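Chemist: My questions will all concern the structure given below.
The values are calculated or read from the model by the stated rules, or taken from the named source; none is laboratory data. Since the structure is predicted, the reported quantities are computational estimates derived from the model, not experimental observations. All Cβ positions, even for glycine, are placed from backbone atoms using ideal geometry, and neighbour counts span all protein chains on display. Heavy atoms of the whole protein, side chains included, go into the accessibility calculation; ligands, DNA and RNA do not. Shrake-Rupley method; radii C 1.70, N 1.55, O 1.52, S 1.80 Å.
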Amino acid sequence: MLALQKTAAAPGLELREVTAPPVPGPGEVLLAIEATGVCGTDVHIAHWTPGYESMQQAMPVTIGHETCGRVESLGAGVDPALHGRRVTVRPSVLCHSCAACLGGDPDNCTGRRGVGIGRNGAFAPQLLVPAENCVMVPDALDAEIAALTEPMTVCREAVDTAALKPGARVLVLGPGTIGQGIALFAEAAGAGEVVVLGRDDASRLAQLDALGFPQTADTLGRTLAEALVPWLDKGRFDVIFEATGAPSVVPEALSVLAKRGRLVIVGIHPAPAQVDLTALVRNHQQILGSYRAPVETWPEVLGWLEANAERARGMISHRLPLAAALDAVEIAGAKQASKVMVLQGGA
Ligand SMILES: [Zn+2]
Ligand SMILES: [Zn+2]
C-alpha cells in the first residue's frame, strides 16, 4: 500500500509502497482510513526541526495522527461492537509495562509511543492500533470532521485550563487550526469578546472572519500592543492564549494581559522566552501550560463537532488524495492554509 513515511533523520518525507499491516493481534484493530489531517507536527517532521530525534528508532515510519477510519477487522478480545464502526484515534499508545502503567497511572507512562511518530500512522490506506485508543464517532459525522477531533481536544484542553469566566475578554495569538479551535471553544465557554492576531496572515485571518470571528488584526510591521490599540482602549485582556510558538511573543503578551489575568501557553517553543517576573508578580498574572487532553475530553469534543459540524468544516482549507500527500504537507506548511485534509477512498 501507499504510505507517507519518514525514512531518514534529515529533511524530507517519502511517499512510497510499503507492506500492509499484519492481521490485528490481541487487543488491536485494523482501520480503513478515510480522512487524516495534516498537523503542524507533520510539517515539523518533514522539515526535521529539532525535537523529533526519537523517531529514528521507528524509521521508516508512516506519519499522520489526526485521523478517522472504519474498523475493518478485530484482534482477539476486542469488543465485537467495534466491527464496521467509524472511529477516531487517540494517538498516544501506552506501553502497559512501565512503572507508571503497572501502578495504575497511565497518564505518566514513560514508554508511550505516538501514532504517526513512534509507530506507524494514518497517511496510508490502513492503520493498526490498539482498540483502547479508538473513540467511536457518531454515524452522522463526516470523516473529515471526525479527523478534527484530536486537534480540537488540544484546543478544548487549553480553554479548560484557562477556566475563563463568562464575559471574559479573550485574545488568541496565532490564527492556525489551534488558534481557530481555541476561539470556537472560548466562545462556547462564554467569552464576551474574542480577538485573534496573526502575523502576515491574511488568508487565515479571513478564514477566522468566515468562522464568525471578525475581530482580528495582523501584527506585520508593528508590535502586538500597536496592533491591539482598538481593543486596549477598553482595557487589557483577561485571558490570552499563546498558539504561535514564537518566544518573543510571550513578554509582549504579558504586557497586554490584565491584572490577575491568565496566559495559557499552547505553542511549542524552539527556545526559552524572556519574562519580567517582577512585573508578573506585581500584576498577579499567571502563566499556564496546556498540552494533551484527558480521555474524557474526547467524547465531549465529538459531541461539539456533531452539533457544530458545518462551522467546524470552515476550518478545513484544502482537501487532497493520499497520492498527493507530499503536496498536502507542503501546503500545510504555508500560511495560506488552515487545516489540510488527506481524504481516501472510503470517505
Ligand atoms: Zn496534531
Ligand atoms: Zn507505560
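Chemist: Got a sec? Which helices (runs of 4 or more DSSP H) wholly within region 296-347 have at least 3 residues that are hydrophobic (A, V, I, L, M, F, W, C) and touching a residue at least 60 places away in the same chain (Cβ under 8 Å)?
Modeler: 297-307, 325-332
Chemist: Residues of region 47-60 being touching a residue at least 60 places away in the same chain (Cβ under 8 Å) and open to solvent by 10 Å² or more (accessible area, probe 1.4 Å), which ones?
Modeler: Within region 47-60, H47, T49, P50, G51, Y52, S54, Q57, A58 meet the criteria.
Chemist: Between residues in region 93-110 that are more than 21 Å from L127 (Cβ to Cβ) and residues that are more than 6 Å from ligand 2 (Cβ to nearest atom) and not in a loop (DSSP other than H, G, I, E, B), which pairs lie under 8 Å by C-beta distance while being six or more apart or on different chains?
Modeler: A100/P106; A100/D107; A100/N108; T110/A99
Chemist: Just a yes or no: is a residue in region 170-192 among the acidic types (D, E), assigned to a loop (DSSP other than H, G, I, E, B) and over 15 Å from R262 (Cα atoms)?
Modeler: no
Chemist: For region 217-256, which residues satisfy the criterion of being assigned to a strand (DSSP E or B) and surrounded by fewer than 22 Cβ atoms within 10 Å (Cβ to Cβ)?
Modeler: A217, D218 - these are the residues of region 217-256 that are assigned to a strand (DSSP E or B) and surrounded by fewer than 22 Cβ atoms within 10 Å (Cβ to Cβ).
Chemist: I need every pair where a residue in region 61-73 that is within 13 Å of ligand 1 (Cβ to nearest atom) has its Cβ under 6 Å from the Cβ of a residue that is acidic (D, E) and open to solvent by 10 Å² or more (accessible area, probe 1.4 Å), sequence separation at least 6 or different chains.
Modeler: From region 61-73, the pairs are E66/E150.
Chemist: Ok, one more. Scan region 131-145 for residues that are out of contact with any Asp or Glu (no Cβ under 7 Å at 6 or more places or on another chain) and open to solvent by less than 30 Å² (accessible area, probe 1.4 Å) and jot them down.
Modeler: Within region 131-145, N133, C134, V135, V137, E144, I145 meet the criteria.
Chemist: In region 257-274, which residues are surrounded by 15 or more Cβ atoms within 10 Å (Cβ to Cβ) and more than 18 Å from the chain's Cα centre (by Cα)?
Modeler: L257, A258, G261, R262, L263, A273
To keep it simple, each residue is scored yes or no on (1) more than 30 Å from L326 (Cα to Cα); (2) of a type in the set (A, V, I, L, M, F, W, C); (3) under 19 Å from the mean Cα position of the chain (by Cα).
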{"residue": "D107", "(1), (2), (3)": "yes, no, yes"}
{"residue": "G118", "(1), (2), (3)": "no, no, yes"}
{"residue": "A124", "(1), (2), (3)": "no, yes, no"}
{"residue": "D142", "(1), (2), (3)": "no, no, yes"}
{"residue": "T153", "(1), (2), (3)": "no, no, yes"}
{"residue": "G167", "(1), (2), (3)": "yes, no, no"}
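Chemist: Any idea which of L171, L148, L128 is open to solvent by less than 20 Å² (accessible area, probe 1.4 Å), at pLDDT 95 or above and away from ligand 1 (no atom under 16 Å from the Cβ)?
Modeler: None of the others qualify; the one that does is L171.
Chemist: Among (1) part of a loop (DSSP other than H, G, I, E, B); (2) open to solvent by 20 Å² or more (accessible area, probe 1.4 Å); (3) within 16 Å of ligand 1 (Cβ to nearest atom), where does A122 come up short?
Modeler: Tallying (1) part of a loop (DSSP other than H, G, I, E, B); (2) open to solvent by 20 Å² or more (accessible area, probe 1.4 Å); (3) within 16 Å of ligand 1 (Cβ to nearest atom), A122 fails exactly one: (2).
Chemist: Does P106 satisfy the criteria of being more than 16 Å from R292 (Cβ to Cβ), surrounded by 16 or more Cβ atoms within 10 Å (Cβ to Cβ) and touching a helix residue (DSSP H, G or I) at 6+ places or on another chain (Cβ under 8 Å)?
Modeler: no
Chemist: Of all residues in region 74-92, how many are surrounded by 15 or more Cβ atoms within 10 Å (Cβ to Cβ) and either within 15 Å of ligand 1 (Cβ to nearest atom) or among the small types (G, A, S) (or both)?
Modeler: 6
Chemist: Looking at region 15-32, is at least one residue within 16 Å of ligand 1 (Cβ to nearest atom) and open to solvent by less than 60 Å² (accessible area, probe 1.4 Å)?
Modeler: no
Chemist: Given (1) within 26 Å of the chain's Cα centre (by Cα); (2) closer than 19 Å to L164 by Cβ; (3) not in a helix (DSSP H, G or I), where does H284 come up short, assuming only one miss?
Modeler: Failed condition: (1).
Chemist: Checking N133 against (1) polar (S, T, N, Q); (2) over 20 Å from the mean Cα position of the chain (by Cα); (3) at pLDDT 95 or above, which single condition isn't satisfied?
Modeler: Status for N133: all satisfied but (2).
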